[in-house]
1. What net charge is computed for the residues neighbouring N178, neighbours being all others with C-beta under 11 Å from the C-beta of N178, Lys and Arg scored +1, Asp and Glu -1?
2. If packing is taken as the average number of other Cβ atoms within 10 Å across a peptide's residues, how do 24-31, 179-186, 140-147, 88-95 rank, most packed first?
3. What is the sum of charges, Lys and Arg at +1 and Asp and Glu at -1, for the other residues whose Cβ falls under 9 Å from the Cβ of A157?
4. How many lysine pairs are close in the chain, with Cα atoms under 27 Å apart and the two 8 or more places apart or on different chains?
5. 222 nm [θ] for the chain, helices only, -39500 (n - 2.57) per DSSP H run of 4+, per residue, to 500?
6. Using alpha-carbon pairs under 8 Å, 6+ residues apart, how would you state the relative contact order of the chain in percent?
7. Please compute the modelled spin-label separation between T123 and N38, points set 7 Å along Cα→Cβ, answer in nm with one decimal.
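No lab work stands behind these numbers, since they all come straight from the coordinates. Predicted model, so just to flag it, every value in this text is computed and none were measured. FYI the Cβ positions are ideal-geometry reconstructions off the backbone, even for glycines, and counts take in every protein chain you see.
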Amino acid sequence: MTSPNVFDASAWHGTTIVTVRKGDKVVVAGDGQVSLGNTVIKANARKVRPLGEGNVVAGFAGATADAFTLLERLEAKLEQYPQQLTRACVELAKDWRTDRYLRRLEAMMIVADKSVTLVLTGTGDVLEPEDGLAAIGSGGNFALAAAKALVDTDLGAEEIARKSMAIAADICVFTNANLIVETLDAEAN
């Protein structure tokens, strides 16, 4: 068995980001694990962070430098289109698809503000989940399934996000239980 090439971006795995919008809260939670092959390189990376003036929260999965580039570009779009998250994301997606440099970036993002949650991909997608739940990354499907099962309970948005992340961490070897959780007040749904 050969060890992974540290310069090969495809060898870097792992992240789970989940967003739960319930009642008057929207929560974005992400794990902290960064893996190279079968080795945990870092256990407490910060993959969820507030943007702009703190009224938008973003979580990312994929190549870290690529994700930071996209976060910077999104912040610039938010300055250009204040209080218009959807418009800023659509403009970013256009750039991402058409700009030669950005087209090569390998990352995904979930962004949320008080009224909308969006998933952004390098294929030009700006997707709004129907039920206020979204997840990305290696453990994303596990976290999303857990959130869907828990959303109709009496649990609040943050409790659902935390339990969903714990379930994903129990199943996905590229996800750990070191969580970063950001909460925003949301328009009641």
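1. +2
2. Result, highest mean first: 24-31, 140-147, 88-95, 179-186.
3. Within the 9 Å Cβ shell, the charges total 0.
4. Taking the Cα cut-off of 27 Å, the pair count is 22.
5. Calculated from helices alone, the mean residue ellipticity at 222 nm is -10000 deg cm²/dmol.
6. So the answer I get is 33 percent.
7. Between N38 and T123, the label points sit 3.2 nm apart.
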